[in-house]
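The values are calculated or read from the model by the stated rules, or taken from the named source; none is laboratory data. Note that the coordinates shown come from a computational prediction; the quantities given were computed from them, not determined experimentally. Backbone-built Cβ (ideal geometry, glycine too); neighbour counts: all protein chains shown. With ligands, DNA and RNA removed, areas are computed over all heavy atoms of the protein, side chains included. Shrake-Rupley method; radii C 1.70, N 1.55, O 1.52, S 1.80 Å.
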Amino acid sequence: MQGNWNRLGRLIVVLFAIPFAMTGCAQSAQADGLLPAGPSSAEKKSAIAIPVEALALVDDEIEWAGIRIGTPRAALERTLGQPFDPLEANDLCGSFISTRDVEGHRVTFEFAGKDPESPLEHMFMPLDGSLTQTEQIARLKARLPGNVYVPSRFDPGRSETNNPKPVYRVATTAARVVMLDHDEGLWLGDPRCYD
């Protein structure tokens, strides 16, 4: 009986040792260039550390972190895995808003109406201030090539470099803009409420 316990004990030790040995082998293989290295924990955390880096044009529509402007609220809830909190009216733009955390950022979503099929019109997320306005603009232009600076309708003579809240028309079929406000955040969506 004691021999069986000894064998069982050795089996348990071996079973627990295998994952550790495999991890060491994989790390050794990565160091030798035989396996590609996965992202470090720092790289995983900083995947969307800079909001502008998550912008993209996909199928002629602007998106941030895979969330597309124009997506119906119900579809977005399925994508995010939970319903939005009750929507609040935004009298300024005639839309309905809800805020939630996405990819480490507090994001405000604005929908055309309260209906589950109402499309996402705007998104806003704060910037962390780690980049200057000039650096943010350069990254925006790299992520969304072909965008065009739109002077403020209240100050049309103000240049892009002197504008604390520059707005850019994005090269899409639908009318879309992105506004960078270094003190506030990144705003994107339909142009009707941007200035």
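Only residues that are of a type outside the set (Ser, Thr, Tyr), surrounded by fewer than 17 Cβ atoms within 10 Å (Cβ to Cβ) and in a loop (DSSP other than H, G, I, E, B) were counted in region 116-130, giving 4. A single entry from Gly146, Gly113 fulfils the requirement of being part of a loop (DSSP other than H, G, I, E, B), at pLDDT 90 or above, farther than 14 Å from Trp64 by Cβ and not polar (S, T, N, Q): Gly113.
Within region 173-195, can one find any residue that is β-branched (Val, Ile, Thr), over 21 Å from Gly94 (Cβ atoms) and open to solvent by less than 60 Å² (accessible area, probe 1.4 Å)? Write out each step before concluding.
Let us first name the residues in region 173-195 that are β-branched (Val, Ile, Thr), namely 173, 177-178.
With over 21 Å from Gly94 (Cβ atoms) added as a condition, the list becomes 173.
In the following step, the residues that additionally are open to solvent by less than 60 Å² (accessible area, probe 1.4 Å) were identified as none.
Scanning region 173-195, I find no residue that is β-branched (Val, Ile, Thr), over 21 Å from Gly94 (Cβ atoms) and open to solvent by less than 60 Å² (accessible area, probe 1.4 Å), so the answer is no.
Only a single criterion out of (1) modelled with pLDDT under 90; (2) of a type outside the set (A, V, I, L, M); (3) buried (at least 19 other Cβ atoms within 10 Å of the Cβ) is not satisfied by Glu103, namely (3). Tally the residues that are touching a residue at least 60 places away in the same chain (Cβ under 8 Å) and assigned to a loop (DSSP other than H, G, I, E, B), restricting the search to region 173-183. The number of residues fulfilling the criteria is 3.
The set of residues from region 72-89 being small (Gly, Ala, Ser), free of Cβ contacts under 8 Å to residues at least 40 places away in the same chain and surrounded by 11 or more Cβ atoms within 10 Å (Cβ to Cβ) comprises Ala75, Ala89. When region 151-169 is filtered for residues that are over 20 Å from Thr108 (Cα atoms) and either basic (Lys, Arg) or buried (at least 19 other Cβ atoms within 10 Å of the Cβ) (or both), the ones remaining, listed by number, are Arg153, Arg158, Asn163, Arg169.
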